[in-house]
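This report refers to the structure that appears directly beneath it.
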Amino acid sequence: MEGRLRILFLNSILSAVLMFGAAGFAWSAEAAGQQQVIQPEIERRTIDIDKIDTEDFEIGSYVGLLSVEDFGANMVIGSRAAYHVTEDVFFEAAFGISDTSETSYERLSGGAQLLTADERKLTYYNISIGYNLFLGESFIGKSRAFNTALYVIGGVGNTSFAGDDRFTINLGAGYRFLVTDWLALHVDMRDHIFDIDLLGDTKTAHNLETHGGVTVFF
């Protein structure tokens, strides 16, 4: 009888120990599950993106080539000023000057001059409206981004050439690259369209211009 009581007593103690151990193991597993073993280290990169200055006025100069129909391609220099009405729309005034070359007729005739030296000088001015088609960013390296814009532009003005003032329509497109928040680089292509009757017949001349320039915002 005494042996049975001992066995029952030992079984009770063993059961209690097993239950306590199981509860402790479950608590340890739960605690381990809640504890984050690996602490991720996220390093965030800081990229400074140049933005257009808070002012809306832009002024600058440019140099390039102007191909005057029948009078060759020659260097053109000019200046521009723009006002940005919105992020997409801007108005621009431009002035340019170029010296034209002799025509093929003048070169082949052996001395016949169609124009004097003063008449051969070409100047123009125009007022245009532009629209930014695509505003984007260009990346140089991994940590520098620059704002850019591809735009179209068109307007009207006047061209003084061959002793006469000629009403002119200009159409074109350009690319603006902002180096800083106040300095921009431009590459433009324009077509200056006006009527001319210098060689006997009146015709509409398309005079293509390509230039690059620098502008500042203020």
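Values as computed for the structure displayed
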| item | result |
| --- | --- |
| In Hz, Karplus ³J(HN,Hα) per residue of the range 154-164 (6.51, -1.76, 1.60; θ = phi - 60°; x = Gly, Pro) | x, x, 10, x, 9, 10, 9, 7, 6, x, 8 |
| For a label point 7 Å along the Cα-to-beta-carbon line of residue 77, residues of the range 193-217 with backbone N under 20 Å | 209-216 |
| Formal net charge of residues neighbouring residue 94 (Cβ-Cβ distance under 11 Å; K, R +1; D, E -1) | -1 |
| HN-Hα J in Hz across the range 87-94 - Karplus 6.51, -1.76, 1.60, θ = phi - 60°, x for Gly and Pro | 5, 9, 10, 8, 10, 9, 10, 9 |
| Net charge contributed by nearby residues that have their C-beta within less than 14 Å of residue 173 (K/R +1, D/E -1) | -2 |
| Net charge contributed by nearby residues that have their C-beta within less than 11 Å of residue 162 (K/R +1, D/E -1) | -3 |
| Theoretical FRET efficiency, 1/(1+(r/R0)^6), r = Cβ-Cβ of residue 69 and residue 145, R0 41 Å, to 0.05 | 0.50 |
| With all protein chains modelled, accessible area of residue 144 [1.4 Å, Å²] | 120 Å² |
| FRET efficiency estimate (nearest 0.05) - Cβ-Cβ, residue 138 to residue 197, R0 45 angstrom | 0.50 |
| Unit charges at the beta carbon, dipole of the range 98-218: most positive-side option, 186, 204, 172 | 186 |
| Burial ranking of peptide ranges 67-75, 83-91 (average Cβ count within 10 Å, highest at the top) | 67-75, 83-91 |
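The values are calculated or read from the model by the stated rules, or taken from the named source; none is laboratory data. Keep in mind that what you see is a predicted model, and the values were worked out from it rather than measured. Don't worry about glycine lacking a Cβ; one is built from the backbone with ideal geometry, like all the others, and counts go over all protein chains shown. Ligands, DNA and RNA are stripped out before the accessible areas are found, and what is left, the full protein with its side chains, is counted by its heavy atoms. Shrake-Rupley method; radii C 1.70, N 1.55, O 1.52, S 1.80 Å.
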